[in-house]
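*Asks:* The structure that follows is given in the form of structure tokens.
The values are calculated or read from the model by the stated rules, or taken from the named source; none is laboratory data. Since the model is a prediction, treat every value here as computed from it, not as a measurement. No Cβ is skipped: glycine too gets one built from the backbone with ideal geometry, and neighbour counts run over all protein chains shown. These accessible areas exclude ligands, DNA and RNA; they are computed on the full protein's heavy atoms, side chains included. Shrake-Rupley method; radii C 1.70, N 1.55, O 1.52, S 1.80 Å.
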Amino acid sequence: PVAVMGLTNAVQIAAGRDHTCARLMDNTARCWGSNLIGQLGDDSMMDRTAPVAVMGLTNVAQIAAGQRHTCARLMDNTVRCWGWNQYGQLGDGSTQSRAAPVAVPGLTNVVEIAAGEQHTCARLMDNTVRCWGRNYSAQLGDGSLMDRTAPVAVTGLTNVVQLVAGLYFTCARLMDNTVRCWGSNAEGQLGDGSMTRRTSPVNVPGLTNVVELAAGGAHTCARLMDNTVRCWGWNS
């Protein structure tokens, strides 16, 4: 490990494919690394070897990093995103990439965000979920394979308390401490005993008492109430 130059008072970090961001104690954000498509949010496309401020972004409550895009949940429970937008993963109704933050229109009451490879999801105060971006593997969970440039509801999903996103899939932990997953399942990362892609959430059978979820590229892990861990998916 080496120290990140000039970065102090960090309270959260998020790592994308080849960039990293930090939320600071003053609720601003700094990012560094590759900036090929504006994922650092400093209104440039210049790679940075040290942290730079995300342009005009204040009141940040959470930050999430995808492959080459980044999103922030603000204290007013709205969302701003920046970076690569080929598949609509910024949620601003376009496919135009952005080098500085733009609002996700119409999205309010957000309490958690998660960023996958080329999609983004948000958990709302009513414990439902909205997703947007690339959907060729059904990672948006809206029952289709259609990319979405604006948020759509995940079909039949309620009582969500945590969201995680992998490369092309998404999982949710529910209030009853069970897990639902949807999207790509070629490596068994949905945990439903199959390798069948799912366009809407399916239960992970036999998995109960889950208190934390984590998603890798094509695998998922759960920490249980007894502080043991269960994992499933790609294991090559």
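*Asks:* Being in contact with a Lys or Arg (Cβ under 8 Å, 6 or more places away or on another chain) and closer than 10 Å to H19 by Cα is the filter; apply it to the stretch 37-50 and report the residue that is surrounded by the fewest Cβ atoms within 10 Å (Cβ to Cβ).
*Replies:* If we take residues in the stretch 37-50 being in contact with a Lys or Arg (Cβ under 8 Å, 6 or more places away or on another chain) and closer than 10 Å to H19 by Cα, then Q39 is surrounded by the fewest Cβ atoms within 10 Å (Cβ to Cβ).
*Asks:* Taking the options R198, R223, name whichever one is basic (K, R) and buried (at least 17 other Cβ atoms within 10 Å of the Cβ).
*Replies:* R198
*Asks:* A further question on this structure: Do we have V164 as open to solvent by less than 40 Å² (accessible area, probe 1.4 Å) and without any contact (Cβ under 8 Å) to a residue 24 or more places away in the chain here?
*Replies:* Criteria not met by V164.
*Asks:* Does A103 satisfy the condition of being within 28 Å of C171 (Cα to Cα) and surrounded by 14 or more Cβ atoms within 10 Å (Cβ to Cβ)?
*Replies:* So A103 passes the test.
*Asks:* Looking only at strands (runs of 3 or more DSSP E) that lie completely in the stretch 88-200, which have at least 2 residues being closer than 30 Å to T28 by Cα and more than 14 Å from the chain's Cα centre (by Cα)?
*Replies:* The strands (runs of 3 or more DSSP E) meeting that bar are 98-103, 148-153, 160-165.
*Asks:* Oh, and also: Residues of the stretch 1-49 being hydrophobic (A, V, I, L, M, F, W, C) and either touching a Cys at 6+ places or on another chain (Cβ under 6 Å) or assigned to a strand (DSSP E or B) (or both), which ones?
*Replies:* Of everything in the stretch 1-49, those that are hydrophobic (A, V, I, L, M, F, W, C) and either touching a Cys at 6+ places or on another chain (Cβ under 6 Å) or assigned to a strand (DSSP E or B) (or both) turn out to be A10, V11, I13, A14, A15, C21, A22, L24, A29, C31, W32, L40.
*Asks:* Here's a follow-up. Could you list all residues from the stretch 74-87 that are more than 19 Å from A153 (Cβ to Cβ), within 17 Å of the chain's Cα centre (by Cα) and not polar (S, T, N, Q)?
*Replies:* L74, R80, W82, G83, W84
*Asks:* For R130, which of the numbered conditions (1) touching a Phe, Trp or Tyr at 6+ places or on another chain (Cβ under 6 Å); (2) within 22 Å of N185 (Cα to Cα); (3) of a type outside the set (A, V, I, L, M, F, W, C) fails to hold?
*Replies:* That leaves (1) as the condition not met.
*Asks:* Right, next: Name the pairs whose Cβ atoms lie under 6 Å apart, with the first residue in the stretch 172-190 and open to solvent by 40 Å² or more (accessible area, probe 1.4 Å), the second among the aliphatic types (A, V, I, L, M) and part of a loop (DSSP other than H, G, I, E, B), and 6 or more positions between them or separate chains?
*Replies:* So the pair list comes out as A186/M195; E187/A218.
*Asks:* What residue, of T128, T108, T149, is closer than 17 Å to V179 by Cβ, of a type in the set (S, T, Y) and open to solvent by 10 Å² or more (accessible area, probe 1.4 Å)?
*Replies:* Step by step, each of T128, T108, T149 is checked, and only T128 is closer than 17 Å to V179 by Cβ, of a type in the set (S, T, Y) and open to solvent by 10 Å² or more (accessible area, probe 1.4 Å).
*Asks:* Right, another one. Could you please tell me which pairs satisfy a Cβ distance under 7 Å, a separation of 6+ or placement on different chains, a first residue in the stretch 91-119 that is in contact (Cβ under 8 Å) with a residue 40 or more places away in the chain, and a second residue that is of a type in the set (S, T, N, Q) and surrounded by fewer than 17 Cβ atoms within 10 Å (Cβ to Cβ)?
*Replies:* Hits for this filter: T95/Q86; A99/S44.
*Asks:* Scan the stretch 137-146 for residues that are touching a Ser or Thr at 6+ places or on another chain (Cβ under 9 Å) and either open to solvent by 30 Å² or more (accessible area, probe 1.4 Å) or more than 22 Å from Q62 (Cα to Cα) (or both) and jot them down.
*Replies:* Those that are touching a Ser or Thr at 6+ places or on another chain (Cβ under 9 Å) and either open to solvent by 30 Å² or more (accessible area, probe 1.4 Å) or more than 22 Å from Q62 (Cα to Cα) (or both): S137, A138, G141, D142, G143, S144, L145.
*Asks:* Out of everything in the stretch 73-87 that is in a loop (DSSP other than H, G, I, E, B) and within 20 Å of D42 (Cβ to Cβ), what residue ends up being least open to solvent (accessible area, probe 1.4 Å)?
*Replies:* N85
*Asks:* Of all the residues that make up the stretch 181-204, how many are touching a Cys at 6+ places or on another chain (Cβ under 7 Å) and within 15 Å of C121 (Cα to Cα)?
*Replies:* So the count comes out to 2.
*Asks:* Touching a residue at least 24 places away in the same chain (Cβ under 8 Å) and open to solvent by less than 50 Å² (accessible area, probe 1.4 Å): is that true of A218 in this structure?
*Replies:* For A218, the condition - touching a residue at least 24 places away in the same chain (Cβ under 8 Å) and open to solvent by less than 50 Å² (accessible area, probe 1.4 Å) - is met.
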